[in-house]
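Asker: Here you go, one structure.
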Amino acid sequence: MLLKGVTALVAGATGEVGRGAAYALSEAGAFVYLAGRSEDKLKAIQDTLPNKADSQVIAVDYSTVEGSKALAGTIDGGKKLDVVVASSGPWWPIQQIAQQGDLETLSNAIQANFASQIFLYKALAPKCHAKGQYLMVNGAAGLNIVGSGVTGVLANACIGAAKLMYDECSKSPNELPNYTHVLLASSVGHAQFRGNTHDPNAYGKVFVAMALDKHAASKDKDGTLMLNDDMYAKLTAML
């Protein structure tokens, strides 16, 4: 198996991207931690894994400080993570700020789409092998802030945070993992998850390719990879 002996953690494992990543990593032989808020949903995903015995469910709300600490504390003893896929945030299309009348929904969006990514990185980066793969995943809505409302603002905030994280990891290659910010182009998302494929987990293959070879895809100087149709084809061709 391609990733035999590798330990991976997928945050947001019940989402469309996370589910596919967990399946593909398991299929490639990795031990997979499945993290998310709903234990029932996580166990349902776990039941579909090709190598269910080498997996563990961690039900926790890591969009909070306490939850992110609890997640990191669950990692067995001195075990280090080789691969992290941080696919956090539902990316729901909510309105412009002034039109968003429900402040609780706005607060939840900030927690899920932005704060959770910061907390995850802070908690999990020290748990990663140096030269391991830390993949922060979010949508490309930040490239069109005006048209995508608050979701776009939060995605743009993630882009800014990812640049800082990439710089930090690049300056400490013997202590922190290789950091990549994966921006999902909508065309790829629709092709893989909206009924145009017979394999709902196909998208996860790109994370296996990145785990195998950190240089598999060309990244911008700030560590960002735009995962569009061409890049998807390039990465999956490696497997």
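The values are calculated or read from the model by the stated rules, or taken from the named source; none is laboratory data. Everything numeric in this text was worked out from a predicted model, so none of it was measured. Every residue, glycine as well, gets a Cβ built from its backbone with ideal geometry; the counts of neighbours run over all protein chains shown. Only protein heavy atoms, including side chains, enter the accessible area calculation; ligands, DNA and RNA are left aside. Shrake-Rupley method; radii C 1.70, N 1.55, O 1.52, S 1.80 Å.
Asker: Kindly flag which residue pairs out of Lys52/Lys79; Lys79/Lys219; Lys122/Lys171 have an alpha-carbon separation exceeding 25 Å in this structure.
Answerer: Lys79/Lys219
Asker: Based on the mean of other Cβ atoms within 10 Å per residue, sort peptides 12-23, 110-121 so the most packed one is first.
Answerer: Sorting 12-23, 110-121 by mean packing, highest first, produces 12-23, 110-121.
Asker: Mind grabbing the accessible area of Met238 for me, 1.4 Å probe, Å², rounded to tens?
Answerer: Probe radius 1.4 Å; accessible area of Met238 about 90 Å².
Asker: How charged is the neighbourhood of Ile45? Take every other residue with its Cβ under 15 Å from the Cβ of Ile45, and add Lys/Arg as +1 and Asp/Glu as -1. If you can, show how the numbers build up before the last one.
Answerer: Numbers: positive: Arg19, Arg37, Lys41, Lys43, Lys52; negative: Glu16, Glu27, Glu39, Asp40, Asp47, Asp54.
Overall, the nearby charge balance is -1.
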